[in-house]
1. Measure nothing fancy, just the Cα-based angle from helix 191-215's long axis to the longest principal axis of the chain, in degrees from 0 to 90, nearest 10.
2. Pop a pseudo-label 7 angstrom from the Cα along the beta-carbon direction at both Lys167 and Ser41 and give the gap in nm to one decimal.
3. Given charges of +1 on the Cβ of Lys and Arg and -1 on the Cβ of Asp and Glu, with all other atoms neutral, how large is the dipole of the range 42-198 about its Cα centre, in debye to the nearest 20?
4. Need one word for the range 106-220: rounded, prolate or oblate. Basis is the Cα gyration tensor (sqrt eigenvalues a ≥ b ≥ c); a/c below 1.5 gives rounded, then a/b vs b/c decides.
5. Between the range 1-62 and the range 176-199, how many Å separate their Cα centres?
6. Which whole-number percent gives the relative contact order of the range 83-220, counting Cα pairs below 8 Å spaced six or more residues apart?
7. What do you get for the angle between helix 3-19 and the principal long axis of the chain? Use alpha-carbon atoms, 0 to 90 degrees, nearest ten.
8. Springs between alpha-carbon pairs under 10 angstrom, Gaussian network model over the chain: which of Leu59, Leu116, Leu98 fluctuates most?
Amino acid sequence: MKEREEEVVQALKEEVKSFFKGDCTGHDAYHTLRVLKTSLSIQRKEGGDPFLVAVASLLHDVDDYKLVAQVDPSDPFRNAERLMREQGISAPLQEKVLSIVGSISFKGTDTKAPLLLEGKIVQDADRLDAIGAIGIARAFAYGGHKGSPLHDPSIKPNPGMDFETYKKNRGSTVNHFYEKLLLLEGLMNTEEGRRIASHRTEVMKEFLDEFYAEWEGRDL
Ligand code: ADP
Ligand code: NI
């Protein structure tokens, strides 16, 4: 990255830290900073423009429907646009960032693949933060925030929900593993993403095996 680009990334990191202050849905600033680090690591293997990868990573959640009280449908990228304008990011780059941010979120079965390589990378990095040990922690934190039970053997998982059903879903957090987290490895866009996802998915499967063993008292 050019020196000026490094400065913008640094400034946006500070913005993001104050933006997500107090979040307890698993979308705190550290989530965004991990996505940034993972994206740049994937970018080094897969190519693409590191500055575009960095800006899109930093802004990928600032207009998320779960975090921002009221997303105005006529102005869906208000925060991202403001932050980029304030940093003097060029109009063509802003366009690319918004096309990435608009296409990466997982909403039930609605899995739009980003068109740009940089978007594929940021989407992989965001999904990688939802799996593995951190993914497990985030799932239970988010479930607690929403009031979901840890596990309820009487409710069966429902993979393949459309977006409306997914948003209203009141299932257990354990079901979320079958409805989303264990599916993410198969949705990775890049080779490097798949490599990292494979290990993190094994970690979750082991966790679930242990969880059921304890739940059923098989380890006693
Ligand atoms: P989504 O848009 O699918 O909710 P996010 O990446 O924004 O995806 O989700 C943020 C974090 O919250 C992720 O770690 C995700 O696994 C977790 N999460 C989302 N929905 C649920 C849920 N219903 N139960 C538990 N965790 C959830
Ligand atoms: Ni995210």
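Read-outs: derived from the displayed coordinates by stated rules, not from any lab. Small disclaimer: the values here were computed from a predicted structure and weren't measured. Cβ: placed from backbone, ideal geometry, glycine included. Neighbour counts: every protein chain shown.
1. Value to nearest ten degrees: 30.
2. 3.4
3. Dipole size: approximately 380 debye.
4. It is oblate, given that a/c is not under 1.5 and a/b is not larger than b/c.
5. 21
6. Computed value for the range 83-220: 25 percent relative contact order.
7. For helix 3-19, the angle is close to 50 degrees.
8. The residue with the greatest mean-square fluctuation here is Leu116.
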